[in-house]
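The values are calculated or read from the model by the stated rules, or taken from the named source; none is laboratory data. Please read all numbers here as calculations on a predicted model, not as lab measurements. Glycine gets a Cβ as well: all are built from the backbone with ideal geometry, and neighbour counts include every protein chain shown. To get the accessible areas, we keep the full protein, side chains included, count just its heavy atoms, and leave off ligands, DNA and RNA. Shrake-Rupley method; radii C 1.70, N 1.55, O 1.52, S 1.80 Å.
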Amino acid sequence: MSEPRPNPFDLSGKTAVVTGGNRGIGLGLARGLAKAGAHVSIWARNPESSATAAASLSGLGGEIQTVECDVSSPEAVAAATEQTLDRFGRIDAGFANAGFGEAADPLKLELSDFHRILATNLDGVFLCFQAWGAHMTQRDGGGKLVAISSISAIFGTPMQPHYAASKGGVESLVRAYATRLARHDVQVNSLQPGWIVTDATAAAVENERFRETVVKRIPARRWGGPEDLEGIAVYLASDASRYHTGDSLRVDGGYTIF
Ligand code: NDP
């Protein structure tokens, strides 16, 4: 085990990867990590969005890299891992955040649509955890794996069965990797955001009736923003969480306890 730092939240000199880090929640995670001093490697498909995101993070802390990667592809994840290692030499924390949802009636959902969601939301987490975990166990110093799950993993979601199943699978993957990697000083956790305003929820937020119905169920009385995930990203990537593994951390303004 490496020596703990005087400030357990200090990420200077460490490298974090954030998949889907070019907007929304991923960009919030990346911003928190950069502010704490980490080098951040943003993996996503759209290079223009990634360049814009990188520009917005530049100067906050460590260096920012952008890598074009579709996390559902084993070859792309392997190549992206190599690109990040070529640039920074190591990956200390990996955030598997890339994902998407869509509405579908469970009685009419096509198998191909079911698999399309799983390919990004579940295969993507598996491929990243395997690549990053292998790297972290082949060198000294431990590491951190974080999957962005959802409260859909615990609630009944009548019109998003494939999305919910993908997130339920993510929770199980996290517990498997947490137990396998604990002896290597690698902590593995999931993050369950509540209702967060991003491109993915824009249509729901614009629907006043829906937006206000949700707010009434949130004790904090507001939707969250990507900035609400900055602090938890730092905690999960830092020495501060060194004995915290196999957990699901909910950041939802109290939604699930109300
Ligand atoms: P956004 O749609 O705002 O962002 C999605 C991000 O994922 C983009 O950066 C996108 O970049 C990237 N992405 C999508 N598919 C792939 C892929 N195959 N390979 C690589 N990157 C990909 O979504 P959110 O920020 O809202 O969601 C982020 C995560 O948080 C998701 O896993 C989502 O399920 C989860 N979540 C969101 C909640 C919310 O309320 N917003 C609540 C709970 C969980 P690009 O298009 O360039 O590839």
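Observations, loosely collected:
- Residues that are without any contact (Cβ under 8 Å) to a residue 60 or more places away in the chain and away from the ligand (no atom under 16 Å from the Cβ) within the stretch 123-163 comprise Gly133, Ala134, His135, Met136, Thr137, Gln138, Arg139, Gly143, Pro158, listed in sequence order.
- Those strands (runs of 3 or more DSSP E) lying entirely in the stretch 1-91 with at least 1 residues in contact (Cβ under 8 Å) with a residue 60 or more places away in the chain: 15-19
- Residue tally, condition closer than 21 Å to Asn189 by Cβ and polar (S, T, N, Q), over the stretch 62-121: 5
- Hits in the stretch 164-205 - residues which are away from the ligand (no atom under 14 Å from the Cβ), of a type in the set (D, E, K, R) and assigned to a helix (DSSP H, G or I): Arg175, Arg180, Arg183
- Residue, farthest from the ligand (Cβ to nearest atom), within the stretch 93-121, restricted to residues that are in a loop (DSSP other than H, G, I, E, B), surrounded by fewer than 23 Cβ atoms within 10 Å (Cβ to Cβ) and among the aliphatic types (A, V, I, L, M): Leu107
- Checked against (1) outside any helix (DSSP H, G or I); (2) within 13 Å of the ligand (Cβ to nearest atom); (3) open to solvent by less than 60 Å² (accessible area, probe 1.4 Å), His244 passes all but a single condition, namely (2).
- For Ala76, the stated conditions hold: it is open to solvent by less than 60 Å² (accessible area, probe 1.4 Å) and in contact with a Cys (Cβ under 8 Å, 6 or more places away or on another chain).
- Here Phe126 meets the list (1) crowded, with 19+ Cβ neighbours inside 10 Å; (2) closer than 18 Å to Leu29 by Cα almost entirely, failing just condition (2).
- Residue list for the stretch 1-38, restricted to those being within 16 Å of the ligand (Cβ to nearest atom), of a type in the set (S, T, N, Q) and in contact with a Phe, Trp or Tyr (Cβ under 7 Å, 6 or more places away or on another chain): Thr19
Here's the yes/no breakdown for (1) open to solvent by 10 Å² or more (accessible area, probe 1.4 Å); (2) within 20 Å of Leu109 (Cα to Cα); (3) acidic (Asp, Glu):
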| site | (1), (2), (3) |
| --- | --- |
| Arg139 | yes, no, no |
| Ile154 | yes, no, no |
| Met159 | yes, yes, no |
| Tyr163 | yes, yes, no |
| Gly169 | yes, yes, no |
| Val174 | no, no, no |
| Arg180 | yes, no, no |
| Leu191 | no, no, no |
| Trp195 | yes, no, no |
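- Take the conditions (1) among the small types (Gly, Ala, Ser); (2) more than 26 Å from Val174 (Cβ to Cβ); (3) surrounded by fewer than 18 Cβ atoms within 10 Å (Cβ to Cβ); Gly61 misses just one of them, which is (3).
- Criterion: within 9 Å of the ligand (Cβ to nearest atom) and among the hydroxyl-bearing types (Ser, Thr, Tyr) - qualifying residue of Ser56, Ser73, Ser41: Ser73
- In the stretch 221-239, the residues that are open to solvent by less than 50 Å² (accessible area, probe 1.4 Å), within 16 Å of the ligand (Cβ to nearest atom) and not in a helix (DSSP H, G or I): Trp223, Gly224, Gly225
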